Amino acid sequence: MNKPISTDVNLLKTPTFVSPINENSIRIAQDLADTLMYNWAQGRVSCSLSANQIGERESIIVVCEKIGGNIITMFNPQIKEKREEMDYWEDNMCRPKMLFKNQRAYEVLVGFQDARGHSQRAWFSGKLAGIIQQEIDNLNGILPEERALVCMECGERPKKQSMMQR
């Protein structure tokens, strides 16, 4: 089911909790995929969502390599290893009309569970690695502007260095 995208900062800043793999979490994952596909059909070019962006408290993300591509669902994703750094311009459906320049790892090893509850580990690189890191930040209650080196729209840097290191 398509769900509205939340822009409520209080909700977005509250970290999610570990998701059990059950009927409810599978429904949330399907809602994420449906919402992402609906937004593509409306012309919003995003290729990922986290559960808290649709008002859910579980640690679930959906990502795809390209608009309209195969969707990867990750329950309880965690970055296990990082390689290299890159400057990465990113947007976020919860922060409409804003673009942030962040520093992200170019390659990441992500541990997660699939929809059957099986543990998985996979390497991701380039833009997809940046997208996954952003979604994991979302799950941890970290807004894009808290890590941003620059916000394109306002041309400002974060006020507190400690917010970037969070």
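The values are calculated or read from the model by the stated rules, or taken from the named source; none is laboratory data. Bear in mind the structure is a predicted one, so any value in this text is a computation, not a measurement. Please note: Cβ atoms are built from the backbone with ideal geometry, for glycine as well, and neighbour counts cover all protein chains shown.
Looking across the range 43-56 at every residue that is among the small types (Gly, Ala, Ser) and not in a loop (DSSP other than H, G, I, E, B), the one that is surrounded by the most Cβ atoms within 10 Å (Cβ to Cβ) is identified as 50.
Give me the residue from the range 21-42 that is assigned to a loop (DSSP other than H, G, I, E, B) and free of Cβ contacts under 8 Å to residues at least 24 places away in the same chain and, out of that set, nearest to residue 54 (Cα to Cα).
Residues of the range 21-42 that are assigned to a loop (DSSP other than H, G, I, E, B), as a first pass: 21-22, 42.
Okay, now just the ones that are also free of Cβ contacts under 8 Å to residues at least 24 places away in the same chain, so 22, 42.
Working: 22: 18, 42: 17 Å.
The residue in question is 42.
Scan the range 2-20 residue by residue and report those that are part of a helix (DSSP H, G or I) and within 14 Å of the chain's Cα centre (by Cα). Passing the criteria: only 12.
Within the range 4-32, the set of residues being surrounded by 15 or more Cβ atoms within 10 Å (Cβ to Cβ), in contact with a Leu (Cβ under 9 Å, 6 or more places away or on another chain) and under 25 Å from residue 111 (Cβ atoms) comprises 12, 16, 32. Among the residues of the range 80-100, those identified as surrounded by 16 or more Cβ atoms within 10 Å (Cβ to Cβ) and assigned to a strand (DSSP E or B) are 88, 90, 100.
Within the range 57-79, which residues are surrounded by fewer than 17 Cβ atoms within 10 Å (Cβ to Cβ), of a type outside the set (A, V, I, L, M, F, W, C) and assigned to a strand (DSSP E or B)?
Of all residues in the range 57-79, those surrounded by fewer than 17 Cβ atoms within 10 Å (Cβ to Cβ) come to 57, 65-70, 78-79.
Remaining after also requiring of a type outside the set (A, V, I, L, M, F, W, C): 57, 65-66, 68-70, 78.
Result: 78, single match.
Within the range 101-150, the residues that satisfy the criterion of being surrounded by fewer than 20 Cβ atoms within 10 Å (Cβ to Cβ), without any contact (Cβ under 8 Å) to a residue 60 or more places away in the chain, among the basic types (Lys, Arg) and outside any helix (DSSP H, G or I) are 101, 121. Any residue that is over 13 Å from residue 132 (Cα atoms), over 15 Å from the mean Cα position of the chain (by Cα), modelled with pLDDT under 90 and of a type in the set (D, E, K, R) - is there at least one of those in the range 90-106? Within the range 90-106, one or more residues are over 13 Å from residue 132 (Cα atoms), over 15 Å from the mean Cα position of the chain (by Cα), modelled with pLDDT under 90 and of a type in the set (D, E, K, R).
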